[in-house]
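**Q** Sharing a structure, written as structure tokens. Questions coming.
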Amino acid sequence: MKQFVVIGCGRFGASVARTLYGLGLDVLAIDRNEDVIQGMAEFVTHAVQADATEEASIKALGMRNFDVAVITIGSNIQASIMATLIAKELGVKYVVAKAQNEQHAKVLYKIGADRVVFPERDMGVRVAHNLVSSNILDFIELAPDYSIVEVSALEEWEGKNLTELNVRARYGINIMAIKHGTEINISPTATDIVRKEDVLVVIGHNDDIQKIEQKA
């Protein structure tokens with residue numbers, strides 16, 4: 001089973017960590033804010049308060065044993081760069097880092113990041129998978145075999161709530177958010193109904209996402 005470490009638990013990082021854990025994966029969440037970590041504790045395998053820019057602290061957590069590091073530190077570009085550099089130097093196989101801008105992204109790639117994402121931009125730009133399937137609108141590769149995608153609701157989903165759809169059992173994916181026009185529900189519940197022209201933001205293994213592509 002793949003092991004993920006998520007560094008920085010703001011809105012994006014927390015959502016990624018909680019969803020990966022919901023998929024049954026081993027997730028270590030790291031943030032320098034103790035209150036944030038306390039709030040994450042029940043939603044991940046392990047939650048640790050630590051400064052990701054201090055190599056000794058991160059090394060002590062056994063980061064070298066993780067398959068994927070997702071670095072989502074927000075406003076502190078220097079901390080983001082240091083955390084990425086440390087993760088690569090410690091031998092993490094695949095490092096995904098969140099960037100604020102193109103210049104930040106160039107630096108992250110130069111120091112070894114395997115993938116750089118712009119969550120706010122990428123979730124609103126049609127890329128990659130819309131060439132393969134008309135109902136896959138946006139695609140962010142989170143790791144070599146896990147992705148976040150925007151999926152336009154299939155006709156068979158319309159009028160059903162999330163319990164009835166049971167997409168985790170049917171497709172192996174988890175729903176992170178539901179978009180209806182300009183409205184975005186970032187904490188959908190089991191009773192929320194999928195309506196015509198809704199867009200679902202989901203996370204899952206690429207093999208499982210392909211099951212949806214084949215439905216198009």
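The values are calculated or read from the model by the stated rules, or taken from the named source; none is laboratory data. Just so it is clear, the structure is predicted and the values come from calculations on it, not from any experiment. Neighbour counts run over all protein chains shown; Cβ positions are idealised from the backbone, glycine included.
**Q** Return a yes/no flag: does the stretch 47-61 have any residue that is assigned to a helix (DSSP H, G or I) and within 26 Å of D145 (Cβ to Cβ).
**A** yes
**Q** Tell me the residue from I173, I186 that is modelled with pLDDT of 85 or more and closer than 19 Å to G13 by Cα, please.
**A** None of the other options fit; the residue is I173.
**Q** Right, something else. Would you confirm, using the coordinates I've provided, whether A29 is surrounded by 18 or more Cβ atoms within 10 Å (Cβ to Cβ), closer than 17 Å to G62 by Cα and of a type in the set (A, V, I, L, M, F, W, C)?
**A** Spelling it out, A29 is indeed surrounded by 18 or more Cβ atoms within 10 Å (Cβ to Cβ), closer than 17 Å to G62 by Cα and of a type in the set (A, V, I, L, M, F, W, C).
**Q** How many residues does the stretch 165-213 hold that are assigned to a loop (DSSP other than H, G, I, E, B) and in contact (Cβ under 8 Å) with a residue 24 or more places away in the chain?
**A** Total meeting the criteria: 12.
**Q** Search the stretch 17-41 for residues being part of a helix (DSSP H, G or I) and at pLDDT below 85, and hand back the single one that is farthest from L85 (Cα to Cα).
**A** The extreme case among them is G22.
**Q** Something else about it: Could you tell me which of the residues D51, D35, D67 is acidic (D, E) and under 29 Å from G172 (Cβ atoms)?
**A** D67
**Q** Next question. Report, by residue number, each residue of the stretch 163-197 that is of a type in the set (A, V, I, L, M, F, W, C) and either under 15 Å from V151 (Cβ atoms) or surrounded by 11 or more Cβ atoms within 10 Å (Cβ to Cβ) (or both).
**A** L165, V167, I173, I175, M176, A177, I178, I184, I186, I193, V194
**Q** Among the residues of the stretch 68-83, is there at least one that is surrounded by fewer than 18 Cβ atoms within 10 Å (Cβ to Cβ) and in contact (Cβ under 8 Å) with a residue 40 or more places away in the chain?
**A** yes
**Q** Let me ask something else. Hey, which of the strands (runs of 3 or more DSSP E) in the stretch 77-159, taking only ones fully inside, have at least 3 residues that are within 21 Å of L25 (Cα to Cα) and at pLDDT 90 or above?
**A** Fully inside the stretch 77-159 and qualifying: 94-98.
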